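To keep things clear, I will list the structure first and then write my remarks on it.
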Amino acid sequence: MTAATALAHPNIALIKYWGDANPALHIPANGSISLNLAELYTRSRVYFDSDLTSDQLYINDENISGAPLERVSLFLSKVREMAEITTFAQVNSHNNFPASAGLASSASAFAALSLAATASANLKLDEVKLSRLARMGSGSACRSIPAGFVEWQAGHDDVDSYAYTIAPPEYWDLVDCIALVDTGTKPSSSSAGHNLASTSLLQAARLADAPRRLKLCKDAIIHKDFDQLAEVVELDSNLMHAVMLTSSPPLLYWKPATVTIMHAVREWRLTGLPACYTIDAGPNVHILCQGEYEMKLAELLRRLPGVITVITAHPGGSTRLEIGSS
Ligand code: DP6
């Protein structure tokens, strides 16, 4: 067997996935929409090696054991099953951005792993099958497989729950200005959070309205209507955090600087700078704008108290193999 290397981008959810209909299969309680982030990536090399007596995982050159290795090993076993092999693998993964800070490192990690592992095991999966496989590693990873603006149709079972491109990366020059306020490990993983969603009284209302928000978001992308996008993206993020804050136990991911940014973005929008915020399961804030406002927005964000740094990212491509770099 040969080694294979794949590169995948994380994605920022514009309409969030929060809560599972089927946790074992990662079938989400609602569909979601996201954007791949070109400047950020995970590069993973996988080698199924008959000399190995167990799976090995290296992240940024550090040998990893415990729960993360178990999660990767479980995932590799699915690939082994598909390829009808029993060989263990060595996985070398590099992120060019801080992990576990609400930047969806599990999405790019499992997307890259899906492609590198299947290629190394001599399996050729089409985009839908690859997206389904990535979903088994981490729900949002299925959205990092296709390019650009992506929808994950919730589906009902393993076969019909996958993601596809709504519009290619070059379709709309949206920019994600990521304001980092904390780069440490987050207090509660999103995997644990999904299980708590249904303990909030608000989750049912959030889910009931999800088809409407999905349509508004999709239409806003198709028509490049930033005002409509801004309204639905902020509403959807606020709804998810309302569910988090009212679950049992409650989840509060925001830091004071998170709220400072939320206030500032709303104020800037009222005074003529079209921007909106969205926040995943962490304290950092993603602020979206159109290309022409990128410099101004990033500069304003950098001046806010509590902002450590601002990373800007543009619409990114699909998960892909890196030929010749294995
Ligand atoms: C808040 O896909 O990270 O980022 O499937 O357990 O790995 P697991 O969860 P994950 O959840 C993502 C949650 C979110 C919203 C989103 O990306 O849609």
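The values are calculated or read from the model by the stated rules, or taken from the named source; none is laboratory data. These figures come from a predicted structure and were not determined experimentally. Cβ coordinates were reconstructed from backbone atoms using ideal geometry, including for glycine residues, and neighbour counts include every protein chain displayed.
Which residues, counting only those in the stretch 7-21, are within 12 Å of the ligand (Cβ to nearest atom) and either over 13 Å from Arg206 (Cα atoms) or part of a strand (DSSP E or B) (or both)? Walk me through it before giving the result.
Step one: list which residues in the stretch 7-21 are within 12 Å of the ligand (Cβ to nearest atom), which gives 10-20.
Listed by number, the residues that qualify are Pro10, Asn11, Ile12, Ala13, Leu14, Ile15, Asp20.
Take Ala264 and tell me if it is away from the ligand (no atom under 14 Å from the Cβ) and not in a loop (DSSP other than H, G, I, E, B).
Details: away from the ligand (no atom under 14 Å from the Cβ): yes; not in a loop (DSSP other than H, G, I, E, B): yes.
Against the criterion (away from the ligand (no atom under 14 Å from the Cβ) and not in a loop (DSSP other than H, G, I, E, B)), Ala264 qualifies.
Quick check on this structure: which one of Ala154, Ala163, Ala134 is within 13 Å of the ligand (Cβ to nearest atom), over 25 Å from Ser93 (Cα atoms) and not aromatic (Phe, Trp, Tyr)?
On the way: Ala163 fails: over 25 Å from Ser93 (Cα atoms); Ala134 fails: over 25 Å from Ser93 (Cα atoms).
Unique residue meeting the criteria: Ala154.
For the stretch 263-294, enumerate the residues that are under 12 Å from Val175 (Cα atoms) and in contact with a Ser or Thr (Cβ under 9 Å, 6 or more places away or on another chain).
Initially, the stretch 263-294 is screened for residues under 12 Å from Val175 (Cα atoms), giving 274-277, 286-294.
Scanning the stretch 263-294 gives Cys276, Tyr277, His286, Ile287, Leu288, Glu294.
Residue by residue, here is whether (1) touching a Pro at 6+ places or on another chain (Cβ under 6 Å); (2) more than 15 Å from Leu7 (Cβ to Cβ); (3) in the same structural domain as Asp280 (by TED's automatic domain parsing); (4) buried (at least 24 other Cβ atoms within 10 Å of the Cβ) holds:
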| residue | (1), (2), (3), (4) |
| --- | --- |
| Phe75 | no, yes, no, no |
| Met82 | no, yes, no, no |
| Leu113 | no, no, no, yes |
| Gly155 | no, yes, no, no |
| Leu180 | no, yes, yes, no |
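Taking the stated definitions as given, is His26 touching a residue at least 40 places away in the same chain (Cβ under 8 Å), out of contact with any Pro (no Cβ under 8 Å at 6 or more places or on another chain) and within 16 Å of the ligand (Cβ to nearest atom)? Quick ask: steps written out before the conclusion?
Values: touching a residue at least 40 places away in the same chain (Cβ under 8 Å): yes; out of contact with any Pro (no Cβ under 8 Å at 6 or more places or on another chain): yes; within 16 Å of the ligand (Cβ to nearest atom): yes.
Answer is yes for this residue.
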